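**Student:** Handing you this structure, nothing more for now.
Computed from the coordinates by the stated procedures, all read-outs in this text should not be read as laboratory data. Being a predicted model, the structure only gives us computed values, none of them experimental. Don't worry about glycine lacking a Cβ; one is built from the backbone with ideal geometry, like all the others, and counts go over all protein chains shown.
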2 protein chains.
Amino acid sequence: MVQQRFQRTPQLNGDDVDAKRKEIHAYFHTTLDRYERLFDTLRNENAYYKKPITLRHPLIFYLGHTATFFINKLILAGLIAERINPKMESMFAVGVDEMSWDDLDISHYEWPAVEAVYAYRNNMRNVVDKLIRDLPLTLPITWESPWWAILMGIEHERIHLETSSVLIRQHAIEYVQPSTAWEPCRKSGTAPQNKLITVAAGHVQVGKNKTEQEYYGWDNEYGCHSAEISTFQASQYLVSNQEFLAFVEANGYTTENYWEEEGRSWQKYAGARHPTFWIKQNSEWRLRLMTEEILMPWDWPVEVNYHEAKAFCNWKTTTSGQPVRLPTEDEWYRLYDTANLTEVLQNEPAVGNLHLDYYASSCPVNEFPQGEFYDIVGNVWQWTETPTYPFEGFDVYPYYDDFTTPTFDNQHNLIKGGSWIACGNESLKSARYAFRRHFFQHAGFRYVVTDTPATVQSSNYETDKLLSEYGEFHYGDVYFDVPNFPKTLAEIAIAAMADKPARTALDLGCASGRSTFELAHHFDHVTGIDFSARFIGQGVQLAEQGVLRYTLTDEGDLVSYKERTLKGLGLDSVKHKVAFYQGDACNLKSIFTAYDLILAANLIDRLYDPAKLLTSIHTRLNTGGLLMITSPYTWLTEHTKKEAWIGGFKRDGENLTTLDGLKEILGPHFKLIQGPQPVPFVIRETKRKFQHTLAETTIWEKIS
Amino acid sequence: MVQQRFQRTPQLNGDDVDAKRKEIHAYFHTTLDRYERLFDTLRNENAYYKKPITLRHPLIFYLGHTATFFINKLILAGLIAERINPKMESMFAVGVDEMSWDDLDISHYEWPAVEAVYAYRNNMRNVVDKLIRDLPLTLPITWESPWWAILMGIEHERIHLETSSVLIRQHAIEYVQPSTAWEPCRKSGTAPQNKLITVAAGHVQVGKNKTEQEYYGWDNEYGCHSAEISTFQASQYLVSNQEFLAFVEANGYTTENYWEEEGRSWQKYAGARHPTFWIKQNSEWRLRLMTEEILMPWDWPVEVNYHEAKAFCNWKTTTSGQPVRLPTEDEWYRLYDTANLTEVLQNEPAVGNLHLDYYASSCPVNEFPQGEFYDIVGNVWQWTETPTYPFEGFDVYPYYDDFTTPTFDNQHNLIKGGSWIACGNESLKSARYAFRRHFFQHAGFRYVVTDTPATVQSSNYETDKLLSEYGEFHYGDVYFDVPNFPKTLAEIAIAAMADKPARTALDLGCASGRSTFELAHHFDHVTGIDFSARFIGQGVQLAEQGVLRYTLTDEGDLVSYKERTLKGLGLDSVKHKVAFYQGDACNLKSIFTAYDLILAANLIDRLYDPAKLLTSIHTRLNTGGLLMITSPYTWLTEHTKKEAWIGGFKRDGENLTTLDGLKEILGPHFKLIQGPQPVPFVIRETKRKFQHTLAETTIWEKIS
């Protein structure tokens, strides 16, 4: 039993500045102290330099890393001007994640001596200590406050307290030793029989507000998210080693159809036959803890990665005939709410095996009741079905822009609830840590039974350069004071429609779809068609999920992150009036007809046969309907063979402009009623480089 | 002898509008009448459809072409709204020039009947006749006047009067017949002994002013040009058939070293052994005229192309030991001025065999004395050494933008003086017709003896897209109200220099050189260095010739023509203070040192090793000197391998901007004294598409 309660993460508000300064001062030092105590479990020097896991750095790196992190972020925040030790700070800056073979080439690193790293840590402590003593402090502390960087450094250290404990647990046993500061639980017995408990349907609402917040939070906790959760059943206990053994013994690891495709690949690659911390010694199962191996505590939670947890659920679905899966993130919040849990209190022991309040290990799954359940928080982290994703309004914290964003790739699943060593921010309900699905942490799972599929939220930031540029072009910022182009076109079109019937409009070559939405302010229904399914994907995503995210190139490889919502654009109310289709403007299906308006924006000079479209487009318009064409007439042979250009060349010795060509082709069925007028647009390529173009706009009325 | 004097080109000014209208009316009809009379020399229908020259259209095309030209230009000028015969007008529009085999594929053309073409011509006559009667007329007629298009049509017809007469002369003899309207000269005798006459040094000044002009002129006659001509000797007579025979008999055609390289290629390709209109029948030389073959008139001027004339001069140089060549265009003007010639007068016969005033052929070289010389004008055109080029201030006449511009290619040499059939504009001193050097016209030559080399004026319009864009970027128009970028940079640099010594400046990566010139307003000497010899070529050309010309892409293949002069840019006075060198900024010669200012504009993100430059650049600056860097930091691996970027990536986990990188690298020797400030620039790609970029500008003072 850990004797003294480990200090909780500070509240950000309050009236007593001096007390808060002292609280943070203590929080800093106790966190560092505790982290350094973790390394007491290393048996010898060698233990610092031998890698516990082939693809990760040795522990000496992690000892230095959390100190370097402070220095780097404080420099970024402008709180300190000078590095302490540029060489160490270059070595210890990056390498936390699983790396490729090349990155870890040992010849790249000549790690410093352990003592030198402790000396470096102490130098860092002195710098930060002075800062905490002297830096002006106002409450509450917000994202904009310089103190945010200090809290971030401390919480970062707490994360590594846990992840380093996992690495130590993965270290060969001869490199570790017991420590009185890290006493595991000594209780174990027969595992309780698990059972399903029904959770009533309900609403969950999560997300933090940057201006009102109680505790430090990582960027991915901000924004807002709400969901309606259908009723579901959840297992009362976390899955115990006992319960999992049945799966192992049923040849679960080698039965292919229990495994998801990605999980199967992992299982084959790793050759896994049982949970990673299980050890079979003779015919006896034992369990590796951080510093020792013990007889298998069958009533402790099993620790597995997502793939193993998921395979267990699939096996259970097969054997039980019930739809078993992991909970989603939202279902976990529903469990939390149902159990009426609250955050770990400053002066109270945690209600679960959490925050080092009890053990330096797991404990039986039936020790900490929480409502009708056990271990909704604490003991081990719980895998969810949910690949992490940004809440609406997500924003990157500028001094740590790669904390979360690299995990928005549908390959990192959220774990919730915290483990026995989840401290500070990690222990909070709002914490949203995500790991690759094959990673090991002190993590297990609870299962649920429900017919509701686990919805996967869109998490990807569009990083394709062209698509990102178009996302910004259609939905992003204004540059050089040039108004949003697709919105302006829709406004011009709507003004030109005047009192004409406005039932249906076609946005042909809609790209990312902004005009499609904007036209829906005026028309009963608007169809957006583009040749590129990837482009219309942006419109579809906005219509379905209300949000579009993309990265923007700033300079070289540096990017920034953008999010746009239909609501923020004032288009939420019209989303039911639009539909997007993939289609070829030169070979359009016959159902796309009888429109009152057709907009062809920046389309004609990108078609392989513009004349084919233009000579027949009157058949798709109602008489009196309008055709609006805009184009910079940037003819390029890569898009349109020269023979197919409708202008921009000499014919019979005289200049034939594209406008001349349009007049010739459209003349038989149309009257030019407006334009040509130039409408400018700007496409951002980098923070400093833009395309600035004038599209010639003409509006044609169908007369026959 | 031609009986009635063929009407002269009208004067553009005057007081009597009705009389001018009548004069133009008559000029139109007499020109068309005379052109149609030319076709009386065709013996039969077949003569219209058989091609005289493989690579040119048959004469039926030329009969229709001049009529179509009227229609096309009058439509362009907005004077008529409708075509007369779209099909014919498509056939007859283009094809005047020598074509490639593919263009002339006979299957492309099904020529109309001769009668149909005459009917078409009559329809055109009626249209233009009505226009001339009704169109409001004010005097003087200028480029902007709609009447300019009418006069252009008439003068165009007069050009074809001559060129079609050449084609008829090249037609097989069985297709032609004599006509009383086209009576050749019947005089001939022994050629006079040619001799050299000294022409005193003198000044020539030519060029027309758009707002003050006496006669219609083609675009290439406008602008201004002056030159100082050294004394030279010129042959009293044009070279006669007799004089040229000596070259033929000296095996001149097959002696390689008499021929220029291009001429030699032509001679071999064509298998030429004597002038093209010479015919050897048995052992007797005969001469082909337009409609007949006659005994060689030895005292008539020989008719050759440039290559033959040049080979004769080279032979004569060899045999005489004197530097013999053709006159330049300027030397021809000097001859003209020396002889006190004037334009053909309205009511006087021409002073030479010109304007159809005398014969439908050449005549003896000693019939028309002009000052001490003969045939400075008239008889046959005279080849010059001068590839045609635009005078300073050249501008394209918008309704005929490909009259002259395609000849600015250093492959078309000017012919001067006019032939017996050079009428209207062709007969004027100012006429500047140019033909490919291997072409045949009614053209011969006079030679000069001088040590002064024939200077070739720059004629090329830069058509390379990148170079043209940079020409415009540095010296062209303002777009989006963004001030000229290289000029602005020079101004910022000069302001930053304040009272510092301003002896020498280096414009490193000077591209087309605008900043180099602009810095020379402040510095005693400015060196411009660029990796691209093609770019510095633009600066060099401006410094040496004072003018830069380029085409700009408007839309598709359509271009416009631009000219910029140092004088117009206010840079003429500093051109002696600049020098341009090709050089590699990453490997600069040691002589480029001891500068008071180094400007590196939009350079660092285009170098293969920017750090190499930046770590050593302090060695090239005087202490206290300034380094000014601007760049949009558009790092691209095609220019700079990622390992060589100095910013724009994450280093040790943190964003390293290029500015961060500059501070690190320059820190030891420089102090950042100004910036970063964004300076915008715009590069025009087409009439409607632009790059709009913000270059980050920093100024660094060398402190050690």
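**Student:** For q = 0.13, 0.16, 0.17 Å⁻¹, what log10 I(q)/I(0) does region A:183-449 give under the Debye formula with an equal point scatterer on each alpha carbon and no solvent?
**Tutor:** -0.84, -1.28, -1.44
**Student:** At most 14 other Cβ atoms within 10 Å and a DSSP loop assignment: could you name the trypsin sites (Lys or Arg not before Pro) in region B:178-222 that fit?
**Tutor:** Passing sites in region B:178-222 are B:R186, B:K187, B:K195.
**Student:** Let me ask something else. How many Cβ atoms of partner chains, on average, are near each residue of A:649-662 if near means within 10 Å of its Cβ?
**Tutor:** For this peptide, the per-residue mean of nearby foreign Cβ atoms is 5.
**Student:** Further question on the same structure: Cα-based Rg (one decimal) and Dmax (whole number) for chain B, in Å?
**Tutor:** Expressed in Å, the Cα Rg and Dmax of chain B come to 30.3, 96.
**Student:** Right, something else. Give the shape of region A:186-246 as rounded, prolate or oblate, defined through the alpha-carbon gyration tensor: a ≥ b ≥ c are the square roots of its eigenvalues, a/c under 1.5 means rounded, and otherwise the shape is prolate if a/b is larger than b/c and oblate if not.
**Tutor:** oblate
**Student:** For chain B, find the longest principal axis of its Cα atoms and tell me its angle to the long axis of helix B:261-270, 0 to 90°, nearest 10.
**Tutor:** 40
**Student:** Fully extended, how many nm does the chain gain between B:E110 and B:A644 (0.36 nm per residue separation, minus their Cα-Cα distance)?
**Tutor:** Extra length from B:E110 to B:A644 when fully extended: 185.9 nm.
**Student:** Using a Cα-Cα cut-off of under 18 Å, which lysines could be cross-linked to B:K280, ignoring same-chain neighbours fewer than 8 residues away?
**Tutor:** Cα-Cα hits under 18 Å: none found.
**Student:** Sticking with this one: Run the label-point distances for A:E664 please: 7 Å along Cα to Cβ, every other copy, nanometres, shortest first.
**Tutor:** Label-point distances to the other copies, shortest first: 5.9 nm.
**Student:** Whole angstrom only: what separates the Cα centroid of region A:309-369 from the Cα centroid of region A:644-704?
**Tutor:** 63
**Student:** Turning to a different aspect of this structure: Could you tell me which of rounded, prolate or oblate describes region A:256-373, using a ≥ b ≥ c as the square roots of the eigenvalues of the alpha-carbon gyration tensor, with rounded for a/c under 1.5 and, failing that, prolate when a/b is larger than b/c and oblate otherwise?
**Tutor:** Because a/c hits 1.5 or more and a/b fails to exceed b/c, region A:256-373 counts as oblate.
**Student:** With only Lys, Arg, Asp and Glu charged, each at its Cβ (+1 for the first two, -1 for the last two), find how big the charge dipole of region A:349-473 is about the Cα centre; round to the nearest 20 debye.
**Tutor:** Result for region A:349-473 is approximately 440 debye, rounded to the nearest 20.
**Student:** Moving on. How far apart are the B:D15 label points across copies, placing each 7 Å from Cα toward Cβ, in nm, shortest first?
**Tutor:** Output for B:D15: 10.3 nm, nearest copy listed first.
**Student:** For A:E214, which inter-copy label distances result when the label point lies 7 Å beyond Cα on the Cα-to-Cβ vector, reported in nm to one decimal and in ascending order?
**Tutor:** 10.0
**Student:** Using alpha-carbon pairs under 8 Å, 6+ residues apart, how would you state the relative contact order of chain A in percent?
**Tutor:** Value for chain A: 11 percent.
**Student:** Just checking the output field for A:622-634: average partner chain Cβ neighbours within 10 Å of each residue's Cβ?
**Tutor:** 2
**Student:** Measure up A:K487/A:K567; B:K310/B:K416; B:K465/B:K612; A:K612/A:K702; A:K22/A:K210 against 21 Å on the Cα-Cα distance and list the ones that go over.
**Tutor:** In this structure, B:K465/B:K612; A:K22/A:K210 exceed 21 Å between Cα atoms.
**Student:** Now, a different point. Classify region A:317-470 from the C-alpha gyration tensor, please: rounded if a/c falls under 1.5, else prolate or oblate depending on whether a/b exceeds b/c.
**Tutor:** oblate
**Student:** Please state the charge dipole magnitude for region A:183-449, taken about the Cα centre, from unit charges on C-beta atoms (+1 on K and R, -1 on D and E), reported in debye and rounded to the nearest 20.
**Tutor:** 820
**Student:** What number, rounded to the nearest 500 deg cm²/dmol, is the helix-based mean residue ellipticity at 222 nm of the protein assembly as shown, given -39500 (n - 2.57) per DSSP H run of at least four residues and division by all its residues?
**Tutor:** That calculation yields -9000 deg cm²/dmol at 222 nm.
**Student:** While we're looking at this one, here's another question. So for region A:17-180, taking the charge dipole from beta-carbon charges (+1 Lys/Arg, -1 Asp/Glu), which of A:I53, A:I132, A:H65 sits furthest toward the positive end?
**Tutor:** It is A:I132, whose Cα lies furthest towards the positive end.
**Student:** Right, another one. With just the Cα atoms of the protein assembly as shown, tell me how far they stretch along each of the three principal axes, in Å, largest first.
**Tutor:** Here the Cα extents, ordered largest to smallest, are 136, 76, 60 Å.
**Student:** Equivalent ellipsoid semi-axes for region A:57-209, as square roots of 5 times the alpha carbon gyration tensor eigenvalues: give them largest first, rounded to whole Å.
**Tutor:** Ellipsoid semi-axes (Å, largest first): 33, 27, 17.
**Student:** Now for a separate question. Can you give the average number of partner chain beta-carbon atoms within 10 Å of each beta-carbon in peptide A:675-688, as a whole number?
**Tutor:** That works out to 3 on average.
**Student:** What FRET efficiency do you get for B:D134 and A:Q677 if R0 is 35 Å and r is their Cβ-Cβ distance, rounded to the nearest 0.05?
**Tutor:** E(calc), rounded to 0.05, equals 0.55.
**Student:** Moving on. I'd like the isolated cysteines in chain A, meaning no second cysteine's beta-carbon lies under 4.7 angstrom from theirs.
**Tutor:** Cysteines lacking a close Cβ partner in chain A: A:C224, A:C313, A:C423, A:C510, A:C586.
**Student:** Which aspartates and glutamates have a Cα lying under 14 Å from the Cα of A:K641, excluding residues fewer than 8 positions away in the same chain?
**Tutor:** A:D605, A:D609, B:D557
**Student:** Determine, for each peptide in A:271-278, B:323-330, the mean count of other beta carbons within 10 angstrom over its residues, then list the peptides with the highest first.
**Tutor:** Going from most to least packed, we get B:323-330, A:271-278.
**Student:** Something else now. To confirm my reading of the symmetry, which residue of chain A has the Cβ nearest the axis that brings A onto B, and what whole-Å distance does it have?
**Tutor:** Here the nearest residue and distance are A:H692, 2.
**Student:** Give, rounded to the nearest 20 debye, the magnitude of the charge dipole that chain B has about its Cα centre when Lys and Arg contribute +1 at Cβ and Asp and Glu contribute -1 at Cβ.
**Tutor:** Magnitude of the dipole: close to 580 debye.
**Student:** Same structure again: Positive end of the dipole of region A:306-441, charges at C-beta (+1 Lys, Arg; -1 Asp, Glu), about the Cα centre: which of A:I421, A:F391, A:T318 has its Cα farthest in that direction?
**Tutor:** Toward the positive end, the furthest listed residue is A:T318.
**Student:** Give me the one-decimal Kirkwood hydrodynamic radius in Å for region A:475-586, with the sum taken over alpha-carbon pairs.
**Tutor:** So the Kirkwood estimate lands at 14.7 Å.
**Student:** A further question on this structure: So which GluC sites (Glu not before Pro) in region A:366-404 end up in coil per DSSP with only 16 or fewer other C-beta atoms within 10 Å?
**Tutor:** A:E372
**Student:** Oh, and also: List the lysines whose alpha-carbon lies under 20 Å from that of A:K87, not counting same-chain residues fewer than 8 positions away?
**Tutor:** In chain and number order, the partners are A:K73, B:K650, B:K663.
**Student:** Mind checking region A:1-97 for GluC sites (Glu not before Pro) that DSSP puts in a loop (not H, G, I, E or B) and that have at most 11 other Cβ atoms within 10 Å?
**Tutor:** Those that pass, being in a loop and sparsely packed, are A:E82.
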